[in-house]
Ligand code: FES
């Protein structure tokens, strides 16, 4: 091997080595910065009690909840997320039930399953009155369907 061929192979080797090190460093950097999916906060305020009419549930799209305001029994908050595959259910005043448009699950007024494929009842979330006078929902606190906040 003459000197010119030796230098040519040496240069090619250095380029290959540099590329391998760069790729490895990229992989290490990717490993050190894990993929994180940020969820919206699970505790949030939904306005004043007076913002909610009696009788008809209010659907909050972004939070995917129904807020019920009963004159005698107070506030309750139901999840609008179907327990089958997570579609958003609708509440029908005509039969007082929740209907899932995806696969036809029906939930009674208390969230229990009338017919599947949903395997579990709808969740009900704790709602409290915050110090500033607003209703505050905590989706991390599942409560019985009978839970009510009297204001
Ligand atoms: S997601 Fe509701 S029935 Fe399938």
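The values are calculated or read from the model by the stated rules, or taken from the named source; none is laboratory data. Everything numeric in this text was worked out from a predicted model, so none of it was measured. All Cβ positions, even for glycine, are placed from backbone atoms using ideal geometry, and neighbour counts span all protein chains on display.
Could you please let me know if residue 93 is surrounded by fewer than 18 Cβ atoms within 10 Å (Cβ to Cβ) and under 19 Å from the mean Cα position of the chain (by Cα)? Answer is no for this residue. Count of segment 115-126 residues, restricted to those that are modelled with pLDDT under 95 and either outside the structural domain of residue 53 (by TED's automatic domain parsing) or touching a strand residue (DSSP E or B) at 6+ places or on another chain (Cβ under 6 Å) (or both), is 1.
Report those strands (runs of 3 or more DSSP E) wholly inside segment 93-151 carrying at least 3 residues which are over 19 Å from residue 51 (Cβ atoms). It comes to 97-99, 113-115, 135-143.
Here segment 99-112 is the region considered, the condition is being touching a strand residue (DSSP E or B) at 6+ places or on another chain (Cβ under 9 Å) and more than 10 Å from the ligand (Cβ to nearest atom), and the residue that is farthest from residue 67 (Cα to Cα) is 108. Among the residues of segment 29-67, those that are surrounded by 10 or more Cβ atoms within 10 Å (Cβ to Cβ) and not in a loop (DSSP other than H, G, I, E, B) comprise 30, 43, 44, 45, 49, 51, 58, 59, 60, 65, 66, 67.
Would you point out the residue of segment 115-135, among those that are within 13 Å of the ligand (Cβ to nearest atom) and surrounded by 15 or more Cβ atoms within 10 Å (Cβ to Cβ), that is nearest to the chain's Cα centre (by Cα)? Only one residue tops the list, namely 122. Just checking, does segment 68-83 include any residue being assigned to a loop (DSSP other than H, G, I, E, B), near the ligand (Cβ under 9 Å from one of its atoms) and either under 25 Å from residue 150 (Cα atoms) or in contact (Cβ under 8 Å) with a residue 12 or more places away in the chain (or both)? Yes: one or more hits.
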